[in-house]
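The values are calculated or read from the model by the stated rules, or taken from the named source; none is laboratory data. Treat the numbers as computed from the prediction; the structure is a model and nothing was measured. Neighbour counts are summed over all protein chains in view; Cβ atoms, including those assigned to glycine, are modelled from backbone coordinates with ideal geometry. Only protein heavy atoms, including side chains, enter the accessible area calculation; ligands, DNA and RNA are left aside. Shrake-Rupley method; radii C 1.70, N 1.55, O 1.52, S 1.80 Å.
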Amino acid sequence: MKTVITSSGNKVDAKFDLRFGRAAWFCVFDDTTGNVEFIENENANAGNGAGTKTSEKMVELDVKKIISGDFGPKAKDLLEKFDIQMVIIQNDEYSISDIIAKIK
Amino acid sequence: MPRRRRLRKVVAPPAFKGYRPYGANNINNEPVELLYEEYEAIKLADYEMLNHLEAAELMGVSRPTFARIYESARRKIAKALVETKEIKTVYGHAWLDKNWFNCKDCHAIFTIPKTLTEQVCALCSSKNIEPINK
């Protein structure tokens, strides 16, 4: 099962990013293989619709769980429709590796 | 960057997508966007007759914030009536009561989609979770 964690950088020691649609990077963690992969968010500087475009991308990637600081209204609706689990953490002190350690 | 908005709790979203005036000669076609939390504020204060403090507690915001949401809601409705505008409901900064859970161990807030059967925390797998409502 794939989990996406919004990240401010492309390394596991990077800080967690509280934004979803405009997060700098996405960390894709696969808990069956233990694979960690970073994908740059091309919508980070989009004028509008970042949340929608990012949600569509998550569906494409077949992600089942997303960990972020907040989800916009449109993103929430879309993710709910596709049965993707949303997790909100409001602590930006976490690094990506802290979060991966928690969900393992 | 301004402080992020705290999410307002909405027990049930409005059962309609909007309202449209009829019998008007020229409907001003730019709709007024009523947010879910504004609908909720009107419902709690004017339909369920709660006072602002009780209503604010139910929505998980402070009383002054509740008053602001309520005032904005009233102004939007007044504007729609006077200027014969359509009212559309939009999501706003709400979270819906039934789908969200809070983990008492790691304080994460998460949803449990209907495809999952296990009721555990999405982050730390703790069973010590509760639906967010009072």
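When the range B:17-51 is filtered for residues that are at pLDDT below 90 and among the hydrophobic types (A, V, I, L, M, F, W, C), the ones remaining, listed by number, are B:Ala24, B:Ile27. Of all residues in the range B:80-127, those being over 30 Å from A:Asp98 (Cα atoms) and either exposed (fewer than 14 other Cβ atoms within 10 Å of the Cβ) or out of contact with any strand residue (DSSP E or B) (no Cβ under 9 Å at 6 or more places or on another chain) (or both) number 3. Of all residues in the range B:4-31, those that are under 24 Å from B:Val61 (Cα atoms) and either assigned to a strand (DSSP E or B) or open to solvent by 100 Å² or more (accessible area, probe 1.4 Å) (or both) total 6. Taking residues in the range B:111-128 that are more than 8 Å from chain A (Cβ to nearest Cβ), and partners anywhere that are among the aromatic types (Phe, Trp, Tyr), the pairs with Cβ atoms closer than 8 Å and at least 6 places apart or on different chains are B:Gln119/B:Phe101; B:Cys121/B:Phe101; B:Cys121/B:Phe110.
The criterion of at least 1 residues that are surrounded by fewer than 17 Cβ atoms within 10 Å (Cβ to Cβ) is met, among strands (runs of 3 or more DSSP E) falling completely within the range A:1-102, by A:25-30, A:36-40.
Restricting attention to the range B:36-66, the residues being at positive phi and either acidic (Asp, Glu) or open to solvent by less than 60 Å² (accessible area, probe 1.4 Å) (or both) number 1.
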